[in-house]
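Each remark here refers to the structure printed beneath this line.
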Amino acid sequence: MAQFLNPRERRACLTALAELSTYGAKGIITSRPNYFTEKEEFTVFEALYENLKKNKIYMGKSDKEYIEKELAVDSLLERHVLNRFERALKDLSPAQTEALVSRKLQGDDEGKLLILSMLRRIFRDELSGERTSLSGKPVIISYLLELVDDLRLNKEGLDDVLTEWSVYKMIVDRLMLRDQQRAEIDPIKRRSILRKLAIQLSHKDKVVADEQVFHSIIEKDFRSELRRLPLDERAHRRQQIFEDLRSSSTLSRSTGNNGSVWVFSHNSLREFLSVEAYVESIYHNTFENSVTPISDAMRVFAASMPKQEFEKTAIALQSIWSNRRQKPVVGKYLSLLWHGFFEEENATLLLRILEETATGISIDGVKLEGISFSNVPTSLINAEESDLAGVNFSEMIVCNSNFVSSVMDSCSFRDSDLTGAKFSNSLIYECDFSNTIVRNAEFYDLEEGSSFLVVDGKSSRVVTGKDALGYLTHMGAKTSAVDSIYVYQYHRYFPIAEKIAERLVSNRNNQYLGLTQRGEARQNPDFARAFVELLKSNGLVALDKNKLVALVGDGRDVLNDMIGRRAMSSSIAQFFRENG
């Protein structure tokens with residue numbers, strides 16, 4: 001179910017998984033490995049190893065149990081991450097494909113040649129420009145084998161190069177024709193209903209269809225027909241339509257808690273029909289108030305549409321983009337078409353939709369998820385009041401861009417130049433600002449709970465609250481007022497001053513040479529000496545004739561506040577400012 005969760009929900013899910021695994025890692029259960037990001041999965045493993053570290057002091061007679069737990073986590077890591085590519089390579093090889101088709105169609109040479117020739121012409125055009133063969137996809141092979149007799153009777157278009165869109169459209173078309181041989185419902189209406197059902201079953205709170213789901217669709221889509229019938233015939237007609245719809249060749253039946261339920265026989269059929277429904281919505285400007293999560297598979301389907309059809313869809317989206325603030329959900333439709341915009345022949349369509357001008361591109365007031373702007377040729381972005389989740393702005397130069405009053409969840413600005421950009425009044429949740437230039441960028445009045453992934457020294461860590469504001473201020477951004485301690489804790493020589501302060505607070509007398517030349521002080525003895533001299537000149541420490549340094553006056557309170565990250569005196573703050 002991870003594909004239905006937003007990034008925060010997925011992190012909560014993985015945290016719970018790590019906690020449940022305390023007494024032995026059992027596994028990560030997911031129907032598709034790519035629904036959790038590699039970073040999220042590593043978080044689970046890190047939590048598992050941390051738990052082992054906490055328990056290691058209690059080993060004693062349970063040494064064996066401890067080692068078994070560690071081996072279990074090692075094995076889980078190896079299976080789910082280190083062997084990721086082996087796990088993902090489940091497609092059949094050409095030899096396996098030919099052997100399977102030959103076995104299934106034994107004695108049917110015509111059918112075997114037909115299916116194999118089709119499989120050899122199914123390709124996916126990757127964003128990198130490469131073309132990947134899909135001849136070994138089990139779901140495609142199984143449907144073609146199931147439809148071999150139908151394909152034999154009507155071979156129109158079977159000699160062309162096939163994309164994912166065209167092959168799934170052909171499969172669904174043939175399944176619809178098969179249904180029509182025994183069904184009474186108009187085929188166009190039947191397909192429309194199956195599209196609506198696909199969308200319903202893509203919501204995280206409804207993954208199977210029971211009779212109630214079918215009857216709710218029937219009441220809405222057959223209202224006029226049912227109204228014309230006498231009362232005693234309506235119930236019979238409703239049941240007749242239900243029997244017709246639930247017997248569709250695209251659906252599979254199983255048993256739920258309260259009786260029979262139906263799902264699409266494969267997720268790819270559900271996703272393809274959902275894409276068809278959304279494309280139809282764009283044509284007719286009839287947007288759903290709540291759009292289901294847009295998966296990578298759905299983007300691939302949309303990108304593989306025929307050129308003219310994709311262009312028609314993009315132009316229709318362009319015509320309503322100017323009204324996006326009245327319909328923020330339109331951003332989801334942009335996400336659906338995203339991969340297709342990076343085909344060479346569609347490159348200019350995206351900039352036309354986003355109203356690319358001298359003032360940059362406009363994505364203000366919309367919801368966007370799981371797309372990357374890194375390859376979009378622009379130097380200015382207006383994303384005011386947008387809802388952005390998992391959006392990538394890495395390695396971009398977008399100075400003076402506008403992200404005011406936005407909600408950003410797990411977005412990346414890594415290695416970007418955001419000089420002069422505006423983020424005030426926004427909620428920024430676990431967004432990556434590693435090696436990001438934020439000089440003169442505005443971060444006033446950020447929402448409580450905002451957090452940033454940043455590089456601190458040689459490692460990355462998440463900073464929140466005042467620590468986050470201090471980091472941004474330290475990097476040259478403009479923020480709401482924050483005590484100097486939160487700013488200068490990121491100073492490159494703060495560890496030297498902190499270690500000196502800790503030793504002074506812990507020990508009554510400290511050797512001057514030890515404070516200024518040993519430990520952390522070895523990084524920069526001149527800085528260490530200058531810091532001790534500052535403390536002395538401010539009456540916080542005293543140096544006796546034996547070169548022993550001791551706290552005097554308010555020294556203990558001032559240094560304790562600094563060590564505890566509560567406050568920094570103005571004189572110490574000025575010292576750090578002058579020694580940047």
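Restricting to region 92-120, name every residue that is assigned to a loop (DSSP other than H, G, I, E, B) and either of a type in the set (S, T, Y) or surrounded by 17 or more Cβ atoms within 10 Å (Cβ to Cβ) (or both).
Within region 92-120, the first condition is being assigned to a loop (DSSP other than H, G, I, E, B), and the residues that meet it are 92-93, 105-108, 120.
Selection gives L92, S93, L105.
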Based on what the data block shows, is A550 closer than 24 Å to D483 by Cβ and either among the hydroxyl-bearing types (S, T, Y) or not assigned by the TED database to the domain that holds A468 (or both)?
no
All helices (runs of 4 or more DSSP H) inside region 523-580 with 2 or more residues being more than 29 Å from K466 (Cβ to Cβ)
525-537
Candidates L534, L559, L504 - the one that is among the aliphatic types (A, V, I, L, M) and more than 28 Å from L472 (Cβ to Cβ)
L504
Top-ranked residue in region 277-333 [being among the charged types (D, E, K, R) and in a loop (DSSP other than H, G, I, E, B); ranked as modelled with the lowest pLDDT]:
E288
Taking region 245-276 and keeping residues part of a helix (DSSP H, G or I), within 26 Å of the chain's Cα centre (by Cα) and either of a type in the set (D, E, K, R) or surrounded by fewer than 19 Cβ atoms within 10 Å (Cβ to Cβ) (or both) leaves N267, R270, E271, E276
How about region 305-318: which of its residues are in contact (Cβ under 8 Å) with a residue 24 or more places away in the chain, polar (S, T, N, Q) and surrounded by fewer than 22 Cβ atoms within 10 Å (Cβ to Cβ)?
Q318
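Please go through region 370-408 and give me each residue that is of a type in the set (D, E) and in a strand (DSSP E or B), ordered by number.
Narrowing region 370-408 to residues of a type in the set (D, E): 384-385, 387, 395.
Residue satisfying the conditions is D387 alone.
The values are calculated or read from the model by the stated rules, or taken from the named source; none is laboratory data. Please read these numbers as outputs of a predicted model, since none were measured by experiment. Neighbour counts are summed over all protein chains in view; Cβ atoms, including those assigned to glycine, are modelled from backbone coordinates with ideal geometry.
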